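Report on the structure given below.
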Amino acid sequence: MRKAFSLMELLIVVVIMGVVYNLAVGSFQKIGEVKTPLSLKNLKKYLSDFEYEEKVKFLCLDSCSRCDIFVDGKKQEELHGKFDGFLDDSVKIYRYEYGLGAIRVEPKAYFNEEDVEEDVCFSYSLNKQGIGEQVLVEFKGSVYDFSPYFSKTLKYGSLDDAVNAKEVLVQETFR
């Protein structure tokens, strides 16, 4: 009757564990490498994947020809130029107000490192709780609703469709 494992049995178990570990780690690395291309539909999710303390911001300047990501106020240099041309100056931002509908919003001022104001075409940010600006973004015939807190960005065919959906939501809330 045997009371212990042989050295050969232990070595086989260690080799099997090593192979399984390498396969698992390799799979996780591939998952991290696969990035879906940035779009307005997934902008909120894309920004939420960054590690930040206070705020992460997507900012487009100069008629949307330059777009960058700022994490806690610091420009992400490794991403510089990656999003250039992502949008163009046809992008329009609205906020929804009950009874008034969609109201056009002008982007907030931005001052660069030299404290010079630059022309802001588009900006969107998430705070430390992961809550973003409650806006509707119209671009290339579609409207993206960034107002849901816990669901993905909604996409509509027109600004009227987005406003009607908001009106229906308000009516359901009042019931």
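The values are calculated or read from the model by the stated rules, or taken from the named source; none is laboratory data. From a predicted model like this one, the values you see are computed outputs, not experimental measurements. Ideal geometry is used to build each Cβ from the backbone, glycine not excepted, and the neighbour counts take in all protein chains shown.
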All positions within region 78-100 that are free of Cβ contacts under 8 Å to residues at least 24 places away in the same chain and among the small types (G, A, S): G81, G85, G99
Flag for S125 being at pLDDT 90 or above, assigned to a strand (DSSP E or B) and of a type in the set (S, T, N, Q): yes
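Looking at P37, P107, which is the one that is modelled with pLDDT under 90, under 27 Å from L136 (Cβ atoms) and surrounded by fewer than 10 Cβ atoms within 10 Å (Cβ to Cβ)? Can you show your working first?
Details: P107 fails: surrounded by fewer than 10 Cβ atoms within 10 Å (Cβ to Cβ).
Answer to the check: P37.
Table: residues versus (1) in a loop (DSSP other than H, G, I, E, B); (2) over 28 Å from Y156 (Cβ atoms).
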residue: L40; (1), (2): yes, no
residue: F50; (1), (2): yes, no
residue: C60; (1), (2): no, no
residue: S63; (1), (2): yes, no
residue: E78; (1), (2): no, yes
residue: F83; (1), (2): yes, no
residue: G99; (1), (2): yes, no
residue: E138; (1), (2): no, no
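Somewhere in region 148-160, is a residue in a strand (DSSP E or B) and free of Cβ contacts under 8 Å to residues at least 40 places away in the same chain?
Filtering region 148-160 down to residues in a strand (DSSP E or B) leaves 154-156.
Cutting the leftovers down to free of Cβ contacts under 8 Å to residues at least 40 places away in the same chain gives us 154, 156.
Within region 148-160, one or more residues are in a strand (DSSP E or B) and free of Cβ contacts under 8 Å to residues at least 40 places away in the same chain.
Kindly evaluate S90 against the criterion of being at pLDDT 90 or above, of a type in the set (S, T, N, Q) and within 24 Å of G141 (Cβ to Cβ).
When the stated conditions are applied, S90 passes them.
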L87 being surrounded by 15 or more Cβ atoms within 10 Å (Cβ to Cβ) and closer than 25 Å to F150 by Cβ: no
Looking only at region 134-148, and only at residues there that are of a type in the set (D, E, K, R) and either out of contact with any helix residue (DSSP H, G or I) (no Cβ under 9 Å at 6 or more places or on another chain) or farther than 18 Å from G85 by Cα (or both), the one that is surrounded by the most Cβ atoms within 10 Å (Cβ to Cβ): D145
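Is it the case that some residue within region 66-84 is touching a Lys or Arg at 6+ places or on another chain (Cβ under 6 Å), surrounded by 11 or more Cβ atoms within 10 Å (Cβ to Cβ) and either under 25 Å from K128 (Cβ atoms) or aromatic (F, W, Y) (or both)?
Our first condition is that a residue be touching a Lys or Arg at 6+ places or on another chain (Cβ under 6 Å); within region 66-84, this holds for 68, 70, 84.
From what's left, surrounded by 11 or more Cβ atoms within 10 Å (Cβ to Cβ): 68, 70, 84.
Narrowing further to those that are either under 25 Å from K128 (Cβ atoms) or aromatic (F, W, Y) (or both): 68, 70.
Within region 66-84 (the criterion being touching a Lys or Arg at 6+ places or on another chain (Cβ under 6 Å), surrounded by 11 or more Cβ atoms within 10 Å (Cβ to Cβ) and either under 25 Å from K128 (Cβ atoms) or aromatic (F, W, Y) (or both)), the answer is yes, since at least one residue qualifies.
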Residue match in region 48-60 (condition: at pLDDT 90 or above and of a type in the set (S, T, Y)): yes
